[in-house]
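To start, the structure itself, in structure tokens.
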Amino acid sequence: MYLCRICGQNTKKIVDIKKDITYYRCKSCGFIYLDNKNIIDSCSEKKHYEKHNNGFDSLGYVKMFEDFIDVAIEPYIKSIKTALDFGCGKGPVLAELLHRKGIEVDKYDIYFYPKEVYRGKKYDLITSTEVFEHIKEPIESLKLLSQYTNKNGYIHTFLHNLNKR
Ligand SMILES: [Zn+2]
């Protein structure tokens, strides 16, 4: 039994047989993370992400973010002027969609937008999609991000494949 990296409670094992990926989902807080065997080194990780076809030409991918915005952003949109897309990837679809909503969006990605543009700034919203399940110490990363969040701002982490299960 593995314990949740966020709250330390029991987790449920979820195996994606097709992709041979093992996840754990916390029974208490719902946090999902990858088994260590599926956390790959950063060099092969970059190669993997470069193969992703996650741009505006991928309709399912765009739809996923539109749904996400409807549910998680739209209700609070009046209070969101600035956002950081942390781990935006190669084709920053979410950043562009947020920008179209009139939000000023900064992008950061360890591989594709490595400049730490968030330093010295505070954001109303920080989004992080398909990032936290790969991080071995998510609490530390959340603490770091919270330094860049406004008093009434919020951080939204999101793992699209498993959230619907
Ligand atoms: Zn938990």
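The values are calculated or read from the model by the stated rules, or taken from the named source; none is laboratory data. These figures come from a predicted structure and were not determined experimentally. No Cβ is skipped: glycine too gets one built from the backbone with ideal geometry, and neighbour counts run over all protein chains shown. Calculation scope for accessible area: heavy atoms of the full protein, side chains included, ligands and nucleic acids excluded. Shrake-Rupley method; radii C 1.70, N 1.55, O 1.52, S 1.80 Å.
Starting from the stretch 14-43, take each residue that is farther than 18 Å from V131 by Cα and list its partners that are assigned to a loop (DSSP other than H, G, I, E, B), counting only C-beta distances under 6 angstrom and pairs at least six apart or across chains.
Filtered contacts from the stretch 14-43: S28/C7; S28/Q9.
In the stretch 92-108, which residue that is outside any strand (DSSP E or B) and more than 12 Å from T129 (Cβ to Cβ) is least open to solvent (accessible area, probe 1.4 Å)? I'd like the intermediate steps shown before the answer.
Here is the first cut: in the stretch 92-108, the ones outside any strand (DSSP E or B) are 92-103.
Those still in the list that are more than 12 Å from T129 (Cβ to Cβ) too: 96, 99-103.
On the way: E96: 65, H99: 111, R100: 154, K101: 96, G102: 63, I103: 4 Å².
In this case the residue turns out to be I103.
Answer yes or no: is there a residue in the stretch 31-39 that is near the ligand (Cβ under 9 Å from one of its atoms), outside the structural domain of K136 (by TED's automatic domain parsing) and surrounded by 12 or more Cβ atoms within 10 Å (Cβ to Cβ). Show your work before the answer.
Restricting attention to the stretch 31-39, the residues satisfying the condition of being near the ligand (Cβ under 9 Å from one of its atoms) are 31.
Add one more test, that the residue is outside the structural domain of K136 (by TED's automatic domain parsing), and what stays is 31.
Next, only the ones that are surrounded by 12 or more Cβ atoms within 10 Å (Cβ to Cβ) stay: 31.
Yes, the stretch 31-39 contains at least one residue that is near the ligand (Cβ under 9 Å from one of its atoms), outside the structural domain of K136 (by TED's automatic domain parsing) and surrounded by 12 or more Cβ atoms within 10 Å (Cβ to Cβ).
For the stretch 74-91, what are the residues that are charged (D, E, K, R) and open to solvent by 10 Å² or more (accessible area, probe 1.4 Å)? Don't jump to the end; show me each part of the working.
So the first thing to find is which residues in the stretch 74-91 are charged (D, E, K, R), and the list is 74, 78, 81, 85, 90.
If the condition is that a residue be charged (D, E, K, R) and open to solvent by 10 Å² or more (accessible area, probe 1.4 Å), then E74, K78, K81, K90 are the ones that fit.
Of all residues in the stretch 123-149, how many are within 17 Å of I80 (Cβ to Cβ) and either surrounded by fewer than 11 Cβ atoms within 10 Å (Cβ to Cβ) or free of Cβ contacts under 8 Å to residues at least 40 places away in the same chain (or both)? Before the answer, list the steps.
Initial filter on the stretch 123-149 (within 17 Å of I80 (Cβ to Cβ)): 123-129, 145-146, 148-149.
Now narrow it down to the ones that are either surrounded by fewer than 11 Cβ atoms within 10 Å (Cβ to Cβ) or free of Cβ contacts under 8 Å to residues at least 40 places away in the same chain (or both): 146, 149.
Looking only at that region, the number is 2.
Any idea which of V15, V71, V62 is more than 16 Å from the ligand (Cβ to nearest atom), exposed (fewer than 11 other Cβ atoms within 10 Å of the Cβ) and among the β-branched types (V, I, T)? Can you show your working first?
On the way: V15 fails: exposed (fewer than 11 other Cβ atoms within 10 Å of the Cβ); V62 fails: exposed (fewer than 11 other Cβ atoms within 10 Å of the Cβ).
That would be V71, the only listed residue that is more than 16 Å from the ligand (Cβ to nearest atom), exposed (fewer than 11 other Cβ atoms within 10 Å of the Cβ) and among the β-branched types (V, I, T).
Given (1) part of a loop (DSSP other than H, G, I, E, B); (2) in contact with a Lys or Arg (Cβ under 9 Å, 6 or more places away or on another chain); (3) more than 16 Å from the ligand (Cβ to nearest atom), where does R5 come up short, assuming only one miss?
If we test R5 against (1) part of a loop (DSSP other than H, G, I, E, B); (2) in contact with a Lys or Arg (Cβ under 9 Å, 6 or more places away or on another chain); (3) more than 16 Å from the ligand (Cβ to nearest atom), just (3) comes out false.
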